[in-house]
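Below: the structure, in structure tokens.
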Amino acid sequence: MYEWIAQLTSNDQKLARIEKILGFVPLWMLQAVCSLFSYVGYAALRNRFLMRVNQNIADLLGDMPIRDINAISRQYVKNIVFTLFEILFLSSRLKKLQSRKFHVQGEEHLEAARKSSKEKGFIVYSPHVGNFFYYYWYLTRKYDCITVASAGSPELRPLYLKFAAMGCKGLDYDSVPPLELYRTLKKHLQGGGVVFLLGDFWRASFPLSRLFGRLTRTPEGAAMLALELRIPVVPFYGHRVNGFNHRLVFGSPVDLHVEHTGRMARAEANLLLNGFMEKVIREQPDSWFYWFNVHERWEENQLANVVQTTSSEAG
């Protein structure tokens, strides 16, 4: 996946020229081009990449006909193609597109969260679904917002820099020390700002938790901040409706500090947030970004690999 993205982001000057030229092309024509590329891309990727995607879908979503799995993976590839195209070539049109292409539901929950947090801010929490770059940009137009991303990858860095230039502030998981990261987010929230957190990142250093009933590691930053500052978390997700149209859904604010107290509060709150992400992924499976490598994050798989390696060495 990252190699594929790298082929598109390796030449900034070339991308800028293409974006300028495409600025004169009608959206309906660009949508047709993206649909064609999606079809060609799906056909070209019907190898180990899509085999792994299909295996992961079947593994996590349960038994379903192969035609349904293929339909999800086909739409998954289509969303990736459209999302990359939007980020690379349509970002300059976002202000014009917003009113016509973003269909927002539950925006009143953002103001409810602001009121309940009094002078502090609140957290908007989501998995990596749809065009999460666009959704964060939307939040930054309305609030003093900051996010945490993984910009250390050379393939993805041009995408993050593009949105940083548009005023979308972010901290890098991989270059900012954890304590400094936490303190910066905490200070931002204490000052009344909004933090947009994508909760399905994986790092070997994250605390143990569960997702889809599997032992894995997920970040606890959202739970920690919400419990310590006693601020609400607004569950959110977005997904592609058709072409360049998106539906953004904000849920009712959740007060984790009311429901979870005591020594295990953080882990329990994190499980609740993981449950929300799992629900979104089940409802919008073709929108989730991580189907291509989610199998790498299960602790049971890591343990099985260690046992198999040890047995082989002993033999």
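The values are calculated or read from the model by the stated rules, or taken from the named source; none is laboratory data. In this text the structure is predicted, and so the values were computed from the model without any measurement. Virtual Cβ from ideal backbone geometry, glycine too; neighbours counted across all protein chains shown. SASA here: full protein model, heavy atoms, side chains in, ligands and nucleic acids out. Shrake-Rupley method; radii C 1.70, N 1.55, O 1.52, S 1.80 Å.
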Between Gly193 and residues 5 or more places away or on another chain, the pairs with built amide H atoms under 5 Å apart involve Gly121
For the range 164-312, the charge dipole (Cβ of Lys, Arg +1; Cβ of Asp, Glu -1; about the Cα centre) points to a positive end, and the Cα of Asn274, Gly243, His188 closest to that extreme belongs to His188
Checking rank on 98-110, 118-130, with mean other Cβ inside 10 Å and highest first, the result is 118-130, 98-110
Neighbours of Leu189 by Cβ distance under 13 Å: Lys/Arg at +1, Asp/Glu at -1, summed charge +4
Output ordering of 20-29, 231-240 (per-residue mean of other Cβ within 10 Å, highest first) is 231-240, 20-29
Sorted on mean Cβ neighbours within 10 Å (highest first), peptides 77-90, 174-187 come out as 77-90, 174-187
Sequence order, the range 184-201: Karplus ³J(HN,Hα) from phi using 6.51 cos²θ - 1.76 cosθ + 1.60, θ = phi - 60°, Hz rounded, Gly and Pro as x, gives 5, 5, 4, 4, 4, 5, 5, x, x, x, 10, 10, 9, 10, 9, x, 9, 5
Phi angles of the range 270-286, converted by Karplus (6.51 cos²θ - 1.76 cosθ + 1.60, θ = phi - 60°) into ³J(HN,Hα) in whole Hz with x for Gly and Pro, give 5, 4, 4, 5, 4, x, 4, 4, 4, 4, 5, 5, 5, 7, 10, x, 6
With a 1.4 angstrom probe the carbon and sulfur portion of accessible area for the chain, in percent, totals 55
Beyond 26 Å (Cα-Cα) in this structure, taken from Lys118/Lys142; Lys78/Lys101; Lys95/Lys187; Lys118/Lys279; Lys95/Lys186, we find Lys95/Lys187; Lys118/Lys279; Lys95/Lys186
Listed by chain and number, the residues whose amide H is under 5 Å from that of Arg210, excluding neighbours fewer than 5 places away on the same chain and using placed H, are Thr216
Expressed per residue, the solvent accessible area of the chain in Å² (1.4 Å probe) is about 50
Long-range alpha-carbon pairs in the range 53-189, meaning those over 19 Å apart, account in percent for 63
